[in-house]
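The values are calculated or read from the model by the stated rules, or taken from the named source; none is laboratory data. Because the structure is predicted, anything quoted here is derived from the model rather than measured. Virtual Cβ from ideal backbone geometry, glycine too; neighbours counted across all protein chains shown.
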Amino acid sequence: MNYTINEVPSRVLEMRKAWAEGDALRDAGNNEPDNIEKYRNISYGMYDTWNLMDIYIPKAKSVNAENRSKWPVIISIHGGGWFYGDKELYRFYCMHLAEYGFAVINYNYRLAPEFRFPAPIEDAGNVFNWVSKNADKYNLDKNNIFMTGDSAGAQLVSQMACIVSNSEYAALFNIKVPLDLKFNAVALACGIYSFPSMKEVEKISVNILDYLGDMSLLNDRRTKVLEHITSEYPPAFVFSSYCDFLFSECQPMADLIESRGAEAKFHIFGSPDRIDIGHVFHVNMKLKEGEKANREQIEFFKSHISTCGPIL
């Protein structure tokens, strides 16, 4: 079942409040860049504020915007344990990515426990379909689509990458992915990439249970994403930091992708004594290490831009 907003457990509301306070401190003093065009609160689905997106596009006279008629696109899926977060918390990060010469889509999606699996996957599919139908209006290049996500957002990106690259896996979902869109590459940051097995039920995070709702879904083929990675999986830049609590997920994910015949690059940032370079550190615009990670992420994307248009 899905909860109404008045039925959300108090522990979830308390965690949302605490995390929002931490993110507000992280972003305090940040300013939106003036070299980016911002298109805000565009509806891409039927769920009111849940299905709103922003698009950030470099202005024509900005340094990275020269000689390009259509923009390569980065679709960002925010993190937050499947139960927290929205596009406002990621606006500085996404605008920063846009400054490298990309149109960046930053969107809200339905959260647990108000909505259960596979609601965020369905929303991601709707974003894809919106891009397919509206690309010309915003000069978006459908031949150059990238996706990035961190934490739970990285899990969702990894799953969408499977859906787009594996038709048998896609058939398990009630999602119609437009045939004219493929991922050139993805970035997976500080992510979790597999759910516990039923044998590990006592270790299952409450957040995962809030998201799945029914523990039987742990045996559902749709939640076993790693089993569906093939050689058609898009090139992946997998990164984390030494002080990320999901640090141990990084290299095994990159190794698995490579073992299936696809391309993967992984990088661990920071050092064991830099606790300030922790989980989703790259979203903090005040960290030099975050800037380094984002620059490497962008360089990876640029190395996979199609030559059908001008390259930055």
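Being within 17 Å of Pro120 (Cβ to Cβ), touching a Ser or Thr at 6+ places or on another chain (Cβ under 8 Å) and either at pLDDT below 95 or part of a helix (DSSP H, G or I) (or both) is a condition met by no residue of the stretch 244-263. Criterion first (free of Cβ contacts under 8 Å to residues at least 12 places away in the same chain and closer than 20 Å to Ile163 by Cβ) does Asp220 satisfy it? So Asp220 passes the test. Kindly establish whether Met285 is aliphatic (A, V, I, L, M) and under 19 Å from the mean Cα position of the chain (by Cα). Yes, satisfied. All of Ile268, Ile275 fail the test of being in contact with a Cys (Cβ under 7 Å, 6 or more places away or on another chain), surrounded by fewer than 22 Cβ atoms within 10 Å (Cβ to Cβ) and assigned to a loop (DSSP other than H, G, I, E, B), apart from Ile275.
Restricted to helices (runs of 4 or more DSSP H) entirely inside the stretch 110-177, those with at least 2 residues that are within 21 Å of Tyr233 (Cβ to Cβ) and among the hydroxyl-bearing types (Ser, Thr, Tyr) are 152-165, 167-170. Checked against the criterion of being assigned to a loop (DSSP other than H, G, I, E, B), closer than 20 Å to Ala20 by Cα, in contact (Cβ under 8 Å) with a residue 40 or more places away in the chain and aliphatic (A, V, I, L, M), the stretch 87-105 contains not a single residue that satisfies it.
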